[in-house]
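See below for the structure under consideration.
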Amino acid sequence: MTVKNHCQGTVETSSYRMDEPLVLESGVTLGNITIAYETYGRLNTERNNAILICHALSGDAHAAGIHAVDGRRGWWDIAIGPGKGFDTDRYFVICSNIIGGCKGSTGPSSVNPETGSPFGVTFPVITIRDMVNAQKRLIDHLGIRQLYAVAGGSMGGMQVLQWGVTYPEMVRKLVVIASCAYSTPQQIAFNEVGRRAIMADPAWNNGDYYGGEPPVQGLALARMVGHITYLSDASMHAKFGRNLQDRKNIAYDFSMEFQVESYLHHQGDTFTRRFDANSYLYITKAIDYFDLTRNGSVIDGLRKIASQVLVISITSDWLYPAYQSQEIVSGLTANETDVQYCELRSNYGHDAFLLEGGQLNYLLSRFLSHTVVRDVMINNVPTIAERASITDAARLIIEKQVNHLPVLSGDHRLVGIVTSWDIAKSVAHRHENLEAIMTRNVITTTADEPVEKAAKMMERHTISALPVVDDEMHVIGLISSEGISTLVGRCS
């Protein structure tokens, strides 16, 4: 097997043609299926380092790197690549376009071999489980017996859970981001509005518009409605406020006046140039049908999952709010499944898992591997000599814009620490030398200490930073609570 990309550079999309038809959940048999996919990194000789990435509603196989044909950057490039959460120096990362999609995999815009014309709405209705069964065929084709992890956000998270339920022995780790165990009435309602916008466009023509004018007005409106749900009230206030677009005064008419209106129209128009309207209908219907509960029970529905699981919610997500992630965690916990729960602290709304690279990469790295202090510590930390004056320390704190100064002995070993607060107190008490204000019994950490342990030490001792030292008490770095708080997030 040839791997197209080893270092997050230029990538190409490959295709896999299934030899055997796929029996769908509806009972319909679909043959001649093609799956578009991309790979990043190298599959090791044991073939046990593969991670499958599952995309959301409007995603595709191009998750990382620069595409060789159109120059697009992958939709999850912030998280896939050397040194990132899905570290391609360590893992072999795979992403495929779902069946029902329109980016290389078989879907309603594909040609029906029996008619020679695009399927349109004669394409069979598909489900999340059908998508996963098709992905399983691809993984078998690649010669991978067990996936190290399956990960995805939004609809991708649904596929992740479905993998855990349907193929429990084939996945070691699951990463479920901003998703749910079943679609709620509100989520179904938004999807239905989008579908009706498309179907009300005369150009939709009962799904038979290929070769003619596609229903761009309906699809653009569906995307506009959907895109609102991906944002948050706070992010829209920050990005647009009530600012007008290209004018100083309101016009007292029905023209497009506000910046937020212009933005939504742009999102809708752009979407119509890269997505198929019928695929939008089919994929949103698959999302609506998603329900892993058994007899109304999340616990029973998730009982088969045998993988380690990381569930991540987003604090400002109102499309897939945190309580839905917490339902997953509660169900897994009741089944005594090894599960971790974290929140991305963000005002970006549902789309935060595509934007918050710092927090996300930390959480992914911590879960997929073993993250230690050296991975996140501040290097080249300013220090001050034990014999220096308070004035020297104050000047250095201001010049370097730091709050903590490790104090070193004559042989450059750590003997204390002084903070900006200590400097402020020294003025009130009229101290002149560091000895009077510095802390001597310094709590330290080492470069190979787990980040979680360092964070707990700071919390336990109510301190905001830890010097990082080697075996001889030489300072090699510093880790602060402020520096890791956004990375660690709230985890349990």
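Throughout, read-outs are computed from the coordinates displayed, never taken from laboratory work. Only a predicted model underlies this, so the values are computations on that prediction, with no experimental measurement involved. Positions of Cβ are backbone-derived with ideal geometry, glycine not excepted, and every protein chain shown enters the neighbour counts.
Report, in whole Å, the centroid distance computed from the Cα atoms of region 223-270 and region 56-70.
26
Set the Förster distance to 56 Å, then compute FRET efficiency between Glu459 and Asp208 from the Cβ-Cβ distance, nearest 0.05. Numbers along the way, then the final one.
On the way: r = 62 Å, r/R0 = 1.11.
Once rounded, the FRET efficiency stands at 0.35.
Rounded to the nearest 0.05, what FRET efficiency do Ile250 and Asp70 give with R0 = 41 Å and r taken as the Cβ-Cβ distance? Could you check? Write out the running numbers ahead of the final one.
Details: r = 39 Å, r/R0 = 0.95.
For Ile250 and Asp70, the calculated efficiency is 0.55.
Do any of Lys425/Lys456; Lys173/Lys304; Lys103/Lys304 go past 24 Å between their Cα atoms, and which?
Details: Lys425/Lys456 27 Å; Lys173/Lys304 14 Å; Lys103/Lys304 32 Å.
As for pairs spanning more than 24 Å Cα to Cα, those are Lys425/Lys456; Lys103/Lys304.
Just to be sure I understand the model, the point goes 7 Å from the Cα along the line to the Cβ. What's the resulting Gln401 to Ile476 distance in nm?
Rounded to a tenth, the inter-label distance reads 2.8 nm.
Multiplying the sequence separation of Asn44 and Lys425 by 0.36 nm and subtracting their Cα-Cα distance, what value in nm do you get?
Numbers: separation 381, 0.36 × 381 = 137.16 nm, distance 5.74 nm.
Additional length available on full extension: 131.4 nm.
Counting only the backbone N, which residues of region 252-296 are under 17 Å from the spot 7 Å out from the Cα of Lys239 toward its beta-carbon?
257-272, by backbone N distance to the label point.
Run the quick spin-label model on Asp291 and Arg196: label points 7 Å from Cα toward the beta carbon, then report their separation in nm to one decimal.
Taking the simple label geometry, Asp291 and Arg196 are separated by 2.1 nm.
Taking the Cα atoms only, what angle lies between the long axis of helix 277-289 and the longest principal axis of the chain, rounded to 10 degrees?
Helix 277-289 sits at roughly 70 degrees to that axis.
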